[in-house]
Amino acid sequence: MKRRFAVAGLSLAVVLGCGTLPAAAAGPAPAADTAAVAAAPDVDVTKVRAHLSELSAIAGRNGGNRRSTTQGYRDSVAYVKGRLQAAGYTVTEQPCTSGCTSGAGPNLIAEWPGGDATNVYMFGAHLDGVSAGPGMNDNGSGSAALLENALTLAQQNPTMRNRVRFAWWTDEEQGLNGSDFYVRSLSSTERAKIKAYYNFDMVASTNGGYFVNHITSSAAAPMKAYWDSLGLQPEENTEGAGRSDDYSFEQYSIPTSGYAMGASARKTSAQAAKWGGTAGRAYDPCYHSSCDTLTNINTTGLDRASDGIAYTIWQRAVDTGTGGGCDTAGAVANGGFESGTSPWTGTTGAIGAHTGQSPHSGSRFAWLAGNGTTSTESISQTVTVPAGCSRASLAYWLHIDTDESGSTAYDRFTVRAGGTTLATLSNVNAGSGYVQRSVGLSAYAGQTVTLTFAASEDRSLQTSFLLDDVALQSG
């Protein structure tokens, strides 16, 4: 993972030493569909570790690292490419011709044939490391887990519903440069085919936690569901926000998610109680250090991440025979408002990184009303509810802050689908923080409908309706 020194709350200290996380304590009842879990293969973590051993040996033969500009990186590309080609993939090396560090090696792209080529689900990890060491957790772990998933998909050779594309990125450590070049190089038509991008960066941290990027989004649903099924109670990946290759896709409003186990930030007491490990110590004590070797790998976490990737691939792209027609990933675009205002329409000035109020996650949200005068504001987006969604819902996080008092509804917030009002809230529903709410959309399965969030105020005393993390969900 790329180091970003200006991220609030990150610890930049490096604490030497390694360890292994104990198994997670028993958690809540499984959230992942048991039939779908059974359909997805168990990825052999022994084989994932074998890929790590090869990457370690490559670093050892090339000055001890796999930095993007070195022979160690180019040999890493050759290893991954060779394994993919032997499994039947057509593999493309994409030179980074602008924006990358001079002399950086290529991106590596592999797409499994079959499935709808207009619905692409992309899975990526950066293959380069820093110059300080061989980079086994950062990011041999993500690269190896992704490689074995690609090989498992080829070996299983299931009937595909959608298209799966894998990528190993160059020059991430120097500024997310390889993935940025890739997304910039795509036409708008090709970008639109990518329904979600999943990123895997540092998934074997020895004192790690279980973190999911954009955990409340539709894209994240299968990733969270799998870890929920293990009782892991994953959390939002706040430390990694904007620091890995998913950010390159977010800049073009492509939905993203992914797994991480943490870098230099320190584990809290609550996290240690939940996941094991040592409170007050970095998730990865060897982050960007020479001790990021094969001994700096948490095999349990690596196994859980590898299997969660497989579950997500099977959920998003494989015809498992268990339905699978309700694929909600990316149905609501830019639902977290992190990628500007598009494709939202209406009072788009309400969307931003506002001062005076806080987002539910990320840095941006939609602040509707709050003017203290007679006004109406709204934002809308046209969404297609997949035909297979017999139980579809629109989920959103809402914080209502008001200066009104009493039980009279002076200021109102509505959720509409087309001309139908699905929910109405008011200043009476005000509270101290965000509350996740949902409305049913099953009646719109197979239809395209305009979803609208609207707020209206009377002539005195403000009520603010703060909206964030809007997503279409199944079930």
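The values are calculated or read from the model by the stated rules, or taken from the named source; none is laboratory data. Note that the structure is a prediction, hence the values are computed from the model and not measured. Heads up, the Cβs are rebuilt from the backbone with ideal geometry, glycines too, and the neighbour counts pull from every protein chain shown. The area values use the complete protein model at the heavy-atom level, side chains included, leaving out ligands, DNA and RNA. Shrake-Rupley method; radii C 1.70, N 1.55, O 1.52, S 1.80 Å.
Summary of computed values
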{"item": "Any chance residue 448 is surrounded by fewer than 24 Cβ atoms within 10 Å (Cβ to Cβ), at pLDDT below 95 and polar (S, T, N, Q)", "result": "yes"}
{"item": "Odd one out for residue 385, checked against (1) over 29 Å from residue 445 (Cα atoms); (2) touching a helix residue (DSSP H, G or I) at 6+ places or on another chain (Cβ under 6 Å); (3) of a type in the set (A, V, I, L, M)", "result": "(1)"}
{"item": "Filtered residues of segment 367-405 (kept if out of contact with any strand residue (DSSP E or B) (no Cβ under 9 Å at 6 or more places or on another chain) and modelled with pLDDT of 95 or more)", "result": "405"}
{"item": "Which numbered condition residue 15 misses (of (1) in a loop (DSSP other than H, G, I, E, B); (2) modelled with pLDDT under 95; (3) within 23 Å of the chain's Cα centre (by Cα); (4) surrounded by 16 or more Cβ atoms within 10 Å (Cβ to Cβ))", "result": "(3)"}
{"item": "Residue satisfying all of: in segment 218-244; open to solvent by less than 30 Å² (accessible area, probe 1.4 Å) and within 13 Å of residue 329 (Cβ to Cβ); modelled with the highest pLDDT among these", "result": "223"}
{"item": "First in segment 52-66 and among the β-branched types (Val, Ile, Thr), second anywhere and buried (at least 20 other Cβ atoms within 10 Å of the Cβ) and part of a helix (DSSP H, G or I), Cβ under 7 Å, 6 or more apart", "result": "58/72; 58/76"}
{"item": "Criterion: in contact with a Ser or Thr (Cβ under 8 Å, 6 or more places away or on another chain) and either in a loop (DSSP other than H, G, I, E, B) or farther than 30 Å from residue 60 by Cα (or both) - qualifying residue of 219, 270", "result": "219"}
{"item": "Matching residues in segment 245-260 - criterion: being part of a loop (DSSP other than H, G, I, E, B) and either open to solvent by 50 Å² or more (accessible area, probe 1.4 Å) or on the phi < 0 side of the Ramachandran plot (or both)", "result": "245, 251, 252, 254, 255"}
{"item": "Residue check for residue 264: assigned to a loop (DSSP other than H, G, I, E, B) and within 21 Å of the chain's Cα centre (by Cα)", "result": "yes"}
{"item": "Hits in segment 120-140 - residues which are more than 15 Å from residue 80 (Cβ to Cβ) and either polar (S, T, N, Q) or without any contact (Cβ under 8 Å) to a residue 60 or more places away in the chain (or both)", "result": "131, 137"}
{"item": "Leading residue by the ranking (most open to solvent (accessible area, probe 1.4 Å)) among those in segment 341-354 that are assigned to a loop (DSSP other than H, G, I, E, B) and under 19 Å from residue 238 (Cα atoms)", "result": "353"}
{"item": "Set 328, 312: member being open to solvent by less than 30 Å² (accessible area, probe 1.4 Å) and touching a Pro at 6+ places or on another chain (Cβ under 6 Å)", "result": "312"}
{"item": "Criterion: open to solvent by 30 Å² or more (accessible area, probe 1.4 Å), in a strand (DSSP E or B), aliphatic (A, V, I, L, M) and in contact (Cβ under 8 Å) with a residue 60 or more places away in the chain - qualifying residue of 167, 117", "result": "117"}
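Quick grid of which residues meet (1) among the aromatic types (Phe, Trp, Tyr); (2) in contact with a Gly (Cβ under 6 Å, 6 or more places away or on another chain); (3) under 30 Å from residue 316 (Cβ atoms); (4) assigned to a helix (DSSP H, G or I):
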position	(1), (2), (3), (4)
379	no, yes, yes, no
387	no, yes, yes, no
393	no, yes, yes, no
396	yes, no, yes, no
432	no, no, no, no
455	no, no, no, no
469	no, yes, yes, no
472	no, no, yes, no
